[in-house]
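Notes for the one structure printed next.
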């Protein structure tokens, strides 16, 4: 990542203005144009720490006893037994987020959150990596943790009982301070011969 502007002694306060700042945060979209690839969902039962930015989510139906049928979907963290096709996208950071007891930006149950949909090609988002994850390799599929403590966080680890590979979410950068850039809705590059 680029260095942030720190100013100079007796110098001009700021001489350049950028649309996208150099600092990356979990759930931050990489380019302003990617905001066209975002949808809204209500947040389901995600527990007392809320649904933090930069994690993968699955959609669950909300059934209303008054109106028959499927009226809406809410998003929750993935759990054991979920498959790649259940991942609907990644929670986006926005200015309307509350903070949990750990000071992390999050959405609580019943609130609305923004999600970059995995089926829409092109969104680039900074995601949270599982601590101790193998180093991501740009161009390879991202994995999502199903482990209770790290549910929804991304990893470069091989698929297992607690990690599912998401073929249409691809790493675009190496790890940087516990984050990595991914692109949604793309096909991974074929291995070279």
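The values are calculated or read from the model by the stated rules, or taken from the named source; none is laboratory data. Please read these numbers as outputs of a predicted model, since none were measured by experiment. Please note: Cβ atoms are built from the backbone with ideal geometry, for glycine as well, and neighbour counts cover all protein chains shown.
Could you go through the stretch 175-182 and let me know if any residue there is in contact (Cβ under 8 Å) with a residue 12 or more places away in the chain, crowded, with 22+ Cβ neighbours inside 10 Å and more than 12 Å from the chain's Cα centre (by Cα).
no
Inspect the stretch 18-38 for any residue being at pLDDT below 75, within 26 Å of residue 176 (Cβ to Cβ) and exposed (fewer than 10 other Cβ atoms within 10 Å of the Cβ) and give the result as yes or no.
Yes, that holds for at least one residue.
With respect to residue 5, is the statement that it is modelled with pLDDT under 75, assigned to a loop (DSSP other than H, G, I, E, B) and surrounded by 12 or more Cβ atoms within 10 Å (Cβ to Cβ) true?
On the way: modelled with pLDDT under 75: yes; assigned to a loop (DSSP other than H, G, I, E, B): yes; surrounded by 12 or more Cβ atoms within 10 Å (Cβ to Cβ): yes.
In short, yes.
Based on this model, can you work out whether residue 115 counts as at pLDDT 95 or above and in a strand (DSSP E or B)?
Here the answer is no, as residue 115 does not meet what is asked.
Only one of 191, 167 is over 18 Å from residue 57 (Cβ atoms) and at pLDDT below 90. Can you tell me which?
Exactly one of 191, 167 is over 18 Å from residue 57 (Cβ atoms) and at pLDDT below 90, namely 191.
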